[in-house]
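A quick write-up on the structure given underneath.
The values are calculated or read from the model by the stated rules, or taken from the named source; none is laboratory data. If you're wondering where the values come from, they're calculated on a predicted model, not measured in any experiment. Note: ideal-geometry Cβ built from the backbone for every residue, glycine included; neighbour counts use all protein chains shown. When the accessible area is computed, the model is the full protein with side chains, heavy atoms only, and any ligands, DNA or RNA have been set aside. Shrake-Rupley method; radii C 1.70, N 1.55, O 1.52, S 1.80 Å.
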Amino acid sequence: MGNANRVLLIISGGIAAYKSLDLIRQLISQGIGVRSILTSSAAEFITPLSVTALSGEKVYTDIFSLTDESEMGHIQLSRSVDLVVVAPATANILARMAQGICDDLATTALLATDKPVIVAPAMNVRMWEHTATQENLVKLRDRGIIVVGPENGEMACGEFGPGRMAEPATIVKTVIDHFSSKQRLKGKRALVTSGPTYEPIDPVRFIANRSSGKQGHAIAAALANMGADTILVSGPTAEPDPQGVAVLHVESAKEMLAACESSLPANIAIFAAAVADWRPSQLSYDKLKKGNSAPVIETTENPDILKTIANHANNRPDLVIGFAAETGDVVGKARPKLRRKGCDWILANDVSIGTGTFGGDLNTIHMIQEAGTEHWPEMTKVRVADCLVEKICKYFEK
Ligand code: PMT
């Protein structure tokens, strides 16, 4: 497949599968390599032979084919490309993706891939509008999966409304947009920390904070969508792993530091995690028992992960960005951290009671650099991530 951009096209079983043949043709004419998986129900609508003839590549159809597994296993198949496109995406495959079910080659590859995913839904209008389908789409979008279409119109079943697969030209445009403007960080390696840390007291208790990981995870997803090879070091959160991001799950600050160290070298490092500043000096291997008086928990300062990475003698990332969670004079308290921690930019946010910055969907950022401070209006954490990534792109393009 050479150096051209490559797509893994997963064709699931719907009447719109016939349009996938035109999609393959259009992708190839744009210089994009196409490798395909045909589900067994898609093979009821179009033949593997027609897909092979158009793509010029072997078509993969069966997870249990020993030949396919020895030639190219499902994991390798899902990673041998730059992007995965599911077109048409039936209600069934969307539901299985949302649940993480992998019971055929297509869904196994989708669960195993570390690449961005675009889906082009196609189904009957009632199925599209069903709460189950809409809830599945919310889940998939939250994971960073890009949804193109469906379009309005008359369906094969005679009903009208949204449900027709987007036209191949529209899907190709989404793919090209992804590969061009959205790949401004291709070749860059990014490290992001996110979420809280848990500092154990005994087998059942720990010191932690209210960080949800929403901000850090959104940043990792935005970096990956821009083409950066992204590693997310995450404390315990309920957030799903973002699509196309390698995630290292940790609990304590010491584990987070070790995971960050092992992820170097990196061009970009962003520290959005709310690392516990202290940990209990002693970990009790037995559960602490109630006695006559409340236990006194002595604490020890945790390593400062941002400061350690920002001051690496040989392995300092080119751009080191910290966050600062402050109350009161937010900018006044955050600015000294720029020098004290040795980072290039600090994104300060107000975490006073009532702001909802910890755990909420919105954030108001003050971006502090040596040269001055920019005050961003309140916006969603996803939008904060996009704005930050735009700044990072400009930094590397200057
Ligand atoms: O997770 P969410 O619910 O979406 O909330 C997002 C957030 C409020 C947690 C996030 O926007 C944020 O502000 N993260 C940094 C929280 C924090 O620990 O701030 P700080 O001012 O205490 O620390 C300053 C910087 O040093 C931060 O980049 C922090 O990651 C880093 N640090 C702090 C202590 C430590 N031991 N190691 C560190 O790396």
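Accessible area per residue for the chain in Å², computed with a 1.4 Å probe and the full protein assembly in place, what is it?
On the way: 18640 Å² over 398 residues.
Each residue of the chain exposes 47 Å² on average to a 1.4 Å probe.
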Quick calc: nm separation of the 7 Å Cα→Cβ label points for ASP318 and GLU151 -> 4.0 nm
Set the Förster radius R0 to 56 Å, insert the Cβ-Cβ distance between ILE297 and SER80 as r into 1/(1 + (r/R0)^6), and round the FRET efficiency to 0.05.
0.65
Of region 185-220, those with amide N under 18 Å from the point 7 Å along the Cα→Cβ vector of LYS289 are 202-205
Over the chain, the sum of -39500 (n - 2.57) across DSSP H runs of at least four, divided by residue number and rounded to 500 deg cm²/dmol, gives at 222 nm -10000 deg cm²/dmol
Under 13 Å from the Cβ of PRO200, count the other residues' Cβ atoms, weight Lys and Arg +1, Asp and Glu -1, and hand me the total.
-1
If you take the beta carbon distance between LYS333 and ARG383 as r and set R0 to 25 Å, what does 1/(1 + (r/R0)^6) give as a FRET efficiency, to the nearest 0.05?
0.55
Please report, to one decimal in angstroms, the Kirkwood hydrodynamic radius of the chain built from all distinct Cα-Cα pairs.
23.0 Å
Cα-based shape type of region 288-398, given that a ≥ b ≥ c are square roots of the gyration tensor eigenvalues and the cut on a/c is 1.5
oblate
Give the value in nm², to one decimal: projected area of the alpha carbon convex hull of region 90-185, averaged over all directions.
6.8 nm²
Of all DSSP beta bridges with both partners in region 83-236, the antiparallel percent, nearest 5, is 35 percent
As a percent rounded to 5, the proportion of antiparallel DSSP bridges among beta bridges in the chain is 30 percent
Name the most mobile residue of CYS260, CYS343, CYS387, meaning the one with the largest mean-square fluctuation, in a Gaussian network model of the chain with Cα contacts below 10 Å.
CYS387
Report the antiparallel proportion of the DSSP beta bridges in region 184-279 as a percent, rounded to a multiple of 5.
10 percent
Counting Lys and Arg as +1 and Asp and Glu as -1, what is the net charge of the other residues whose Cβ lies under 15 Å from the Cβ of LYS333?
+1
For ILE15 and GLU159 in one chain, what is 0.36 nm times their gap in residues minus the Cα-Cα distance, to one decimal in nm?
50.4 nm
Report, as a whole number in µm² per second, the diffusion coefficient that Stokes-Einstein gives for region 191-326 at 37 °C and 0.692 mPa s using the Kirkwood radius over alpha carbon pairs.
209 µm²/s
Report Rg (one decimal) and Dmax (nearest whole number) for region 105-249, counting Cα atoms only, units Å.
18.7, 63
